[in-house]
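Below is one structure, written out as structure tokens; comments come after it.
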């Protein structure tokens, strides 16, 4: 299962990235392209887990896994939500800070020594213990707090606002689903860091599935359903996109 689950997460998140990017090509909304990047990071992180657990871990693969999984996935998905829910100028500022932070994070991970003896064996759940403490704290906490916070808090706040004003009911439902989806891998990731790793890969898979269900409900993300990169439309929804 520690091979099958990451492979499933890789395939599903890559498919989602393709679908969201196709919607971006039609509508040119910034949150769609940022969410596309977030799903690509998700797919890349899950693929390193699949490859490492099936073929064995090495220092380079481990660095890629930690940089993408610990720093980028949640942050860029949360950045998409920031573009959706906040003024464009504010989101641009946060995005600039995130890009600068990403470059610094890449430097930290690439330059840090890796304790080869701490690399996971084939089939084991991977953890960050092979890297020094200054790589694992505090910067990943900042990235993940921002990302998960933007997804969870932003989704809950939006749901409350839309429900209170009785507008855009689909946003209430979609945001609550996204909040649940973001919470699942955040919880299993925390359990992994605390030594309870059994549900880590399952949490990733459930998280990406639930988040994408939330996207499917949202007219903001999917106004129409079609074969990617073609003009073959499978369905079209009418409603107020709002953003």
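Quick check: is even one residue across segment 84-102 crowded, with 23+ Cβ neighbours inside 10 Å, at pLDDT below 95 and assigned to a helix (DSSP H, G or I)? For segment 84-102, residues crowded, with 23+ Cβ neighbours inside 10 Å, at pLDDT below 95 and assigned to a helix (DSSP H, G or I): present. Annotation note: of 154, 149, the sole residue that is touching a residue at least 24 places away in the same chain (Cβ under 8 Å), part of a helix (DSSP H, G or I), surrounded by fewer than 18 Cβ atoms within 10 Å (Cβ to Cβ) and within 18 Å of the chain's Cα centre (by Cα) is 149. Entry remark, segment 147-162: residues being more than 14 Å from residue 189 (Cβ to Cβ) and in contact with a helix residue (DSSP H, G or I) (Cβ under 6 Å, 6 or more places away or on another chain) number 7 in total. Residues of segment 111-138 that are in a helix (DSSP H, G or I) and either more than 27 Å from residue 5 (Cα to Cα) or touching a helix residue (DSSP H, G or I) at 6+ places or on another chain (Cβ under 6 Å) (or both): 111, 133, 134, 135. Kindly indicate whether any position in segment 4-12 is at pLDDT below 95 and on the phi > 0 side of the Ramachandran plot. Checking segment 4-12: not a single residue is at pLDDT below 95 and on the phi > 0 side of the Ramachandran plot. In segment 125-144, the residues that are touching a residue at least 60 places away in the same chain (Cβ under 8 Å) form Cβ pairs under 6 Å with partners that are part of a loop (DSSP other than H, G, I, E, B), at six or more places apart or across chains, as follows: 125/197; 126/120; 130/114; 130/115; 130/119; 131/112; 135/112; 136/128. Residues in segment 157-169 that are surrounded by 17 or more Cβ atoms within 10 Å (Cβ to Cβ) and assigned to a helix (DSSP H, G or I) were compared, and the one that is modelled with the highest pLDDT is 158.
Count of segment 194-204 residues, restricted to those that are modelled with pLDDT under 80 and under 15 Å from residue 124 (Cβ atoms), is 4. Out of 216, 209, one residue alone is modelled with pLDDT of 75 or more, under 30 Å from residue 3 (Cβ atoms) and in contact with a strand residue (DSSP E or B) (Cβ under 9 Å, 6 or more places away or on another chain). It is 216.
Among the conditions (1) free of Cβ contacts under 8 Å to residues at least 12 places away in the same chain; (2) within 30 Å of residue 4 (Cα to Cα), the only one that residue 103 does not satisfy is (2).
Just name the residue that is surrounded by the fewest Cβ atoms within 10 Å (Cβ to Cβ) out of those in segment 185-200 that are farther than 13 Å from residue 42 by Cβ and in contact (Cβ under 8 Å) with a residue 24 or more places away in the chain. Here the residue is 198.
The values are calculated or read from the model by the stated rules, or taken from the named source; none is laboratory data. Everything quoted here is computed from the prediction, not taken from an experiment. Methodologically, a virtual Cβ is constructed for each residue, glycine included, from the backbone with ideal geometry; neighbour enumeration extends over all protein chains shown.
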